[in-house]
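Here's the structure, in structure tokens; my notes come after.
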Amino acid sequence: MLRNDIRSWDRGRIFYVEDFASYESQWSVRFGLGQLVDEGLILRLARGIYCYPHLSEGYSPHHIIPTEESIAESLAQREHVRIIPYGDQAARKLGLNSIVVSNLKYLTDGSPRVINLSNGRKIYFNHTSEVKMFDFCNETMQLVSAAIRVLKPELIGEEQRRIIHSHLRTVPDKEFHKDLKIPPAWVQEILLDIWNN
């Protein structure tokens, strides 16, 4: 029954042990999932988190493992919380630095937690009381603001300004000026200066 239910899903789906709460025995669910992992039908991404993976094309197809970002987004949707990449992760996502991010870090309006992934990496959800950080109407503005906060003014050179400018050019004028009111004043000044030059 467990195998048939999973095979009826679209490939690429991330799912959780709790998705089988209607089954009579949670022990049998965990045991059955473990067997399906051993068989290669599904992947264990972290404790209690699994995936019915896509398969690559070719003579010898193999599993396509979901990105850590997609796992984080799936968890946020499941728990009905909001998340924002921050720190070096936000800067790297925009191409503002080349620091290799080994663990993903997010701000969240939900509970703080750490997800230990099966590949040895971690996803950190750090609670913030600064709820206005989630009020951005434009995702690019949210990400650029988070990146500037970690870079600081003295680390924003001409190349960083050029990259930020290219991202801001994708933001509609109305959304830019609405979101400009959200970050701290010193971030607003940098955003406005880059926007106007």
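Checked against (1) at pLDDT below 95; (2) small (Gly, Ala, Ser); (3) within 19 Å of Arg11 (Cβ to Cβ), Ala91 meets all criteria but (3).
Could you tell me which numbered condition Leu96 fails, if it satisfies all but one of (1) surrounded by fewer than 20 Cβ atoms within 10 Å (Cβ to Cβ); (2) out of contact with any strand residue (DSSP E or B) (no Cβ under 6 Å at 6 or more places or on another chain)? Failed condition: (1). The set of residues from the stretch 46-58 being in contact with a strand residue (DSSP E or B) (Cβ under 8 Å, 6 or more places away or on another chain) and either at pLDDT 95 or above or part of a loop (DSSP other than H, G, I, E, B) (or both) comprises Ala46, Arg47, Gly48, Ile49, Tyr50, Cys51, Tyr52, Pro53, Ser56.
Yes or no: Ala46 touching a residue at least 12 places away in the same chain (Cβ under 8 Å) and not assigned by TED's automatic domain parsing to the domain that holds Ser145? The answer is yes for Ala46. Listed here are the strands (runs of 3 or more DSSP E) enclosed by the stretch 83-123 that have at least 3 residues being within 11 Å of the chain's Cα centre (by Cα): 83-85, 104-108.
For beta carbons closer than 9 Å, sequence separation of 6+ or different chains, a first residue in the stretch 16-41 that is in contact (Cβ under 8 Å) with a residue 40 or more places away in the chain and a second that is assigned to a helix (DSSP H, G or I) and not acidic (Asp, Glu), the qualifying pairs are Tyr16/Ser74; Tyr16/Leu75; Tyr16/Arg78. Condition first: within 13 Å of the chain's Cα centre (by Cα) and at negative phi. Can you find one or more residues in the stretch 150-159 that meet it? Scanning the stretch 150-159 turns up no residue that is within 13 Å of the chain's Cα centre (by Cα) and at negative phi. Residue count for the stretch 46-93, restricted to those that are buried (at least 16 other Cβ atoms within 10 Å of the Cβ) and polar (S, T, N, Q): 2. Within the stretch 93-141, the residues that satisfy the criterion of being in contact (Cβ under 8 Å) with a residue 60 or more places away in the chain, aliphatic (A, V, I, L, M) and over 30 Å from Tyr50 (Cβ atoms) are Leu94, Leu96.
Within the stretch 171-197, the set of residues being of a type in the set (A, V, I, L, M, F, W, C) and part of a helix (DSSP H, G or I) comprises Phe176, Ala185, Trp186, Val187, Ile190, Leu191, Leu192, Ile194, Trp195. Of all residues in the stretch 58-83, those that are more than 13 Å from Arg13 (Cα to Cα) have Cβ atoms under 7 Å from Cβ atoms of residues that are part of a loop (DSSP other than H, G, I, E, B), 6 or more apart or on another chain, in His62/Ser56; Glu68/Arg121; Ala76/Arg82; Glu79/Gly110; Val81/Asp109; Val81/Gly110; Arg82/Asp109. Are any of the residues in the stretch 151-168 surrounded by fewer than 18 Cβ atoms within 10 Å (Cβ to Cβ), among the small types (Gly, Ala, Ser), without any contact (Cβ under 8 Å) to a residue 12 or more places away in the chain and under 16 Å from Leu96 (Cα atoms)? Yes, the stretch 151-168 contains a residue that is surrounded by fewer than 18 Cβ atoms within 10 Å (Cβ to Cβ), among the small types (Gly, Ala, Ser), without any contact (Cβ under 8 Å) to a residue 12 or more places away in the chain and under 16 Å from Leu96 (Cα atoms). Residues in the stretch 18-45 that are surrounded by fewer than 17 Cβ atoms within 10 Å (Cβ to Cβ), within 22 Å of Gln77 (Cα to Cα) and modelled with pLDDT of 95 or more: Arg44 only.
The one condition from (1) under 30 Å from Trp186 (Cα atoms); (2) crowded, with 17+ Cβ neighbours inside 10 Å that Ile115 does not meet is (1). Within the stretch 158-167, not a single residue is acidic (Asp, Glu), in the same structural domain as His80 (by TED's automatic domain parsing), touching a strand residue (DSSP E or B) at 6+ places or on another chain (Cβ under 8 Å) and not in a strand (DSSP E or B).
The values are calculated or read from the model by the stated rules, or taken from the named source; none is laboratory data. What you see is a predicted model; the values in this text were computed from it and never measured. Neighbour counts run over all protein chains shown; Cβ positions are idealised from the backbone, glycine included.
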